[in-house]
Amino acid sequence: MKRRKDTIEYGIIGLGRFGIALATALSEAGKEVMVVDNTESKVKQIRDMVSEAFVVEGIDKASFESAGIQNCETVIVCIGEKIDTSILATLTVISMGVPRGISKATSAEHGCVLEKIGAEVVYPEKDIAIRLARRLVSPHALDFISLNDDIAVSEIRLTTVLEGKSVMEAGIRNQFGLNIVAMEREHDTTIDIQPNYRFRKEDVIVVIGKRDNINRFEAYLSEE
């Protein structure tokens, strides 16, 4: 069966809960998504939501080429439970020359093997746990994404501490070493942050910087 020859943004292999959630989120964000699984009922479940959906006979190069995985810019292997299948699928994707290969891991050992064969690794359960813990211990943090051991992105709801102060007067960059990358007020989001913009209580800002500096800033906001 012939498949399209032009590129597609994302390919997802494996339609478990993580794969379906990822495919849905990417599609809702307006991205082109191809999904591949060996279970027809799972493919049928999401077929209308994505650009392309294929049932494959096996986790091998011939099956992936038939679907057109090699035409994807980024491929995410979402097979986590069966570690041997996950490793084989990842190795096959990498060997096909896909520009970017990402694979889901369920343990540090699993992730180590995936990294050795050239994949970027994500740990969904670990990441979710860390983000939930962050929200539980910090009353102002709405979301938290770790970029590495030192740098993170945090979505923070402001308090009266900064109410009425301009971005320049607040000194978030000078005092805390954080850069504001986006801001939301009453469901309107902007990335054009002007120095004379005055904060209101309940404004939400997204900052990037060192973890320790984010912690200091959150502690400062609690001094109401």
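The values are calculated or read from the model by the stated rules, or taken from the named source; none is laboratory data. What you see is a predicted model, and the numbers here were worked out from it, not measured in a lab. Note that each Cβ is placed from the backbone with ideal geometry, even for glycine, and that neighbours are counted across all protein chains shown. What goes into the accessible areas is simple: the full protein's heavy atoms, side chains included, and nothing from ligands, DNA or RNA. Shrake-Rupley method; radii C 1.70, N 1.55, O 1.52, S 1.80 Å.
What the table below lists for this structure:
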quantity: Within the chain, helix-based [θ] at 222 nm, where runs of 4 or more DSSP H residues each add -39,500 (n - 2.57), nearest 500; calculated: -10500 deg cm²/dmol
quantity: Burial order of peptide ranges 38-47, 67-76 (average beta-carbon count within 10 Å, highest first); calculated: 67-76, 38-47
quantity: Distance between modelled label sites at M49 and M168, nm, 7 Å Cα→Cβ extension; calculated: 4.7
quantity: For Cα Rg over 2.2 N^0.38 Å, calculated from these coordinates, the label among [x] 1.29; [y] 1.23; [z] 0.98; calculated: [y]
quantity: Probe 1.4 Å, protein heavy atoms only - accessible area per residue of the chain in square angstrom; calculated: 56
quantity: Accessible heavy-atom area order of D48, D188, highest first, probe of 1.4 Å; calculated: D48, D188
quantity: Most mobile listed residue (V35, V161, V122) in the chain, GNM with C-alpha springs under 10 Å; calculated: V161
quantity: Net charge contributed by nearby residues that have their C-beta within less than 13 Å of F217 (K/R +1, D/E -1); calculated: +1
quantity: Sulfur and carbon atoms: percent of accessible area, the chain [1.4 Å]; calculated: 50
quantity: Estimated inter-spin distance, K210 and I193, nm [label 7 Å along Cα→Cβ]; calculated: 1.8
